[in-house]
Amino acid sequence: MKLPGNLKQPYLPSLDNKQLLVECLKHSPVTLVSIDPKLGDTSLRFWADACKQAKKPIFLSTVSGKKLPKQGKQILRNILRLIDWILALFVLLLVSPVMLVLALLMQMYSPGLLFAYEWHIGEKGKLFQVIKFCTTGKQNITFLGFLMRKYGLDNLPKLFNVLRGDMSFIGSNCWALADAVQLSIEDEEQQNQLSVITNLW
């Protein structure tokens with residue numbers, strides 16, 4: 001969905017109701033959604049949540065076309081992807097006891113959501129949700145959550161993102177949705193390399 005130059009967006013009931021939008025997307029013949037980042041963070045999250053429920057991939061149009069680096073040869077990409085998958089699986093097996101203990105402690109001392117999901121931008125501008133341990137209670141951060149953040153333990157579930165192909169140890173790029181939207185609005189040139197999983201720790 002894009003905002004045309006000087007044309008006013010016509011009123012569509014489905015745009016105000018997430019469930020109606022989900023149903024529209026489910027019955028639509030489109031295979032993916034390309035959305036203009038100028039719509040703003042709130043609208044982008046609204047559409048991203050709806051696309052997730054409708055099982056339709058969603059991309060930022062400007063980011064995918066201007067901000068992400070060109071991809072190398074397909075063979076090299078496949079090799080790097082395989083290395084990522086093997087490395088993530090190996091690390092996940094090593095830290096799985098730690099993750100299990102953390103999950104049990106979280107449920108004992110602050111029952112509630114185990115994981116938190118944050119929208120990020122990945123390869124070619126595709127939106128995906130980074131998986132982290134939830135470190136906040138009903139009102140604010142818990143003491144256990146504070147310790148997990150301090151030592152980066154809340155980021156361990158991001159290994160599942162690597163297994164799914166959303167992130168990488170060695171080259172796949174992603175950054176927070178709010179940051180990507182701001183870059184697109186200001187039309188700034190990318191100055192630093194985008195974060196891989198180790199930079200998001």
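A few notes on this one:
- In terms of surrounding Cβ atoms within a 10 Å radius of their Cβ, 177, 93, 25 rank from fewest to most as 93, 25, 177.
- J(HN,Hα) series, segment 81-93, from Karplus relation 6.51 cos²θ - 1.76 cosθ + 1.60, nearest Hz, glycine and proline x: 5, 5, 4, 4, 5, 5, 5, 5, 5, 4, 5, 4, 5
- On a per residue basis, the convex hull of the C-alpha atoms belonging to segment 15-62 measures out at 62 Å³.
- Shown here for segment 71-156: chymotrypsin sites (Phe, Trp or Tyr not before Pro) in loop regions (DSSP other than H, G, I, E, B) with at most 16 other Cβ atoms within 10 Å, namely 151.
- For segment 114-126, Karplus couplings with θ = phi - 60° (6.51, -1.76, 1.60), whole Hz, Gly/Pro x: 7, 10, 10, 10, 10, 6, 10, 10, x, 4, 6, x, 6
- Whole-angstrom gap from segment 29-53 to segment 76-135, using each part's C-alpha centre: 23
- In terms of other Cβ atoms within 10 Å, 108, 99, 167 run from fewest to most in the order 108, 99, 167.
- Database remark: amide H of residue 58 closer than 5 angstrom to the amide H of 33, 127 (H placed geometrically; neighbours at sequence offset of 5 or more, or on other chains; Pro and chain starts carry no H).
- In this structure the amide hydrogen of residue 134, modeled in the peptide plane, comes within under 5 Å of the amide hydrogens of 115, 116, none closer than 5 places in sequence on its chain.
Every number here is computed from the coordinates shown, using simple stated rules; none is lab data. Everything quoted here is computed from the prediction, not taken from an experiment. A quick note on method: Cβ atoms are made from the backbone with ideal geometry, for glycine too, and the neighbour counts reach across all protein chains shown.
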